[in-house]
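These notes concern the structure reproduced below.
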Amino acid sequence: MAGAGAWAPPERRRLGMVFQDYALFPHLTVARNIAFGLRGLSGRERAARVDELLAVIGLAGLGGRYPHQLSGGQQQRIALARALAPRPAAVLLDEPFNSLDAAGRAHVRQEVRDILRGQGAAAILVTHDQAEAFAMADRVAVLNGGRLEQVDTPTGLYHAPRTRFVAGFLGSADFLPAAITTGRLRTEAGDLPNPGLPACARAELLLRPEDIALTPDPGGCATVIDREFRGGTLTYTLRLACGQTLRSERPSTDLHPLGARVRPELRPSHLILFDGDTTIAAECLVGQCGCHPRG
C-alpha cells in the first residue's frame, strides 16, 4: 500500500464505492457484479467470496440473476456486496437510498447498516436526509457552504448544537427571545431556570416541537393558527402575542381547534441558549441522554 502522502491509482486505494444509482453492470450476473473487483484470487476463492457475501446480504441462490430481475432494495444490497468484496479499508456511500420509496428506504438502510456492522467495515455516508444520518451514523459531520460546522454523535448534534445553523438544520427548531434574571429565564411562553448566565443578558432559547406541551386556557398567551396531522402526532403552530410563532408536537389524540387559546408549557430536555449564531449555554436536564461527551 502506498505510504502517507503518496499517490495511488484508484484500484489500489482500498476504498469501496456504492453509487446513488447503484451502477451495476446490466450485462453481468449478480455473481459477476460482486466478483468484479476481486483480483489475485483463484476461481474457487472468488466463488467462495461471492457466495459468502450473497449469504451475508440475504440473497443466497440469486447469483445467476441479472440486475433487472431484482427489486431496488435487492440491487442496493448487491451494490454493497460488490463494494465489500475486496475487503476495503472503508466504504463510501453517495446518497445510496435516494432511488427507493419512503417505505423501502427505512427497511433497506437498516439492512445496510447491519451488514456494514456485521462485516466490521468503516463507512462514510453522504446524505441530505437528517433522519437517515441519525439512523445510520455513529458520528455525523455537518457541512454548511463547505465549512465544517460540527462533528459529533447524532444525539450530541441534536441536543447540544454548537451553532444556530446546526440547531436549525437537524430537526425543527424555534428560537424564542429570553430575558435573563437572577435564577430565571423569562420568555413570552413561560419561564425556565437560568443555567448560570449573568442577569440582564439577553439570549435566544432553542425550542423543539417536542419541548412544548399545550393546555387549553381562554386566557393563554398563544393562539393555535395551524394544525398538521402526522399519523401518531399532530404538529401545532402557535402565535404568541408578540407575533412570533412556535411549533408544538403532541399526540394525535391531543386535539386543539384552530383559533383556540392555549397555554404553552415549556418542558425542554436541554437548555440551549444562543447569542446570535453561537451557543452560549448548554445544559442537559435529563441526564444519561448521550449528548456528551462531544467531539
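The values are calculated or read from the model by the stated rules, or taken from the named source; none is laboratory data. Quick caveat, the model's predicted, so the values are computed rather than measured. Glycine also receives a Cβ, built like all others from the backbone with ideal geometry; neighbour counts cover every protein chain displayed.
Looking only at residues of segment 240-278 that are among the charged types (D, E, K, R) and over 23 Å from ARG184 (Cα atoms), we find that the one that is surrounded by the fewest Cβ atoms within 10 Å (Cβ to Cβ) is ASP254.
Can you tell which of ALA260, ALA222, ALA213 is in the same structural domain as SER172 (by TED's automatic domain parsing) and under 14 Å from LEU176 (Cα atoms)?
Working: ALA260 fails: under 14 Å from LEU176 (Cα atoms); ALA213 fails: under 14 Å from LEU176 (Cα atoms).
Criteria check complete, one pass: ALA222.
To keep it simple, each residue is scored yes or no on (1) aliphatic (A, V, I, L, M); (2) free of Cβ contacts under 8 Å to residues at least 40 places away in the same chain.
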{"position": "LEU41", "(1), (2)": "yes, yes"}
{"position": "VAL56", "(1), (2)": "yes, no"}
{"position": "GLN74", "(1), (2)": "no, yes"}
{"position": "LEU84", "(1), (2)": "yes, no"}
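For segment 174-185, the condition of being surrounded by 20 or more Cβ atoms within 10 Å (Cβ to Cβ) and either touching a helix residue (DSSP H, G or I) at 6+ places or on another chain (Cβ under 9 Å) or basic (Lys, Arg) (or both) holds for at least one residue.
Based on what the data block shows, is GLU188 closer than 29 Å to VAL142 by Cβ, among the charged types (D, E, K, R) and crowded, with 16+ Cβ neighbours inside 10 Å?
Criteria not met by GLU188.
Working carefully through the options ARG109, ARG82, find the one that is modelled with pLDDT of 90 or more, surrounded by 14 or more Cβ atoms within 10 Å (Cβ to Cβ), out of contact with any Lys or Arg (no Cβ under 8 Å at 6 or more places or on another chain) and over 30 Å from ASP277 (Cα atoms). Matching residue, one of ARG109, ARG82: ARG82. Only a single criterion out of (1) loosely packed, with under 14 Cβ neighbours inside 10 Å; (2) closer than 23 Å to LEU53 by Cβ is not satisfied by GLY146, namely (2).
Conditions (1) hydrophobic (A, V, I, L, M, F, W, C); (2) free of Cβ contacts under 8 Å to residues at least 12 places away in the same chain; (3) part of a strand (DSSP E or B), marked per residue:
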| site | (1), (2), (3) |
| --- | --- |
| THR215 | no, no, yes |
| GLY220 | no, no, no |
| VAL224 | yes, no, yes |
| LEU238 | yes, no, yes |
| GLY243 | no, yes, no |
| LEU255 | yes, no, no |
| LEU258 | yes, no, no |
| PRO264 | no, no, yes |
| ILE280 | yes, no, yes |
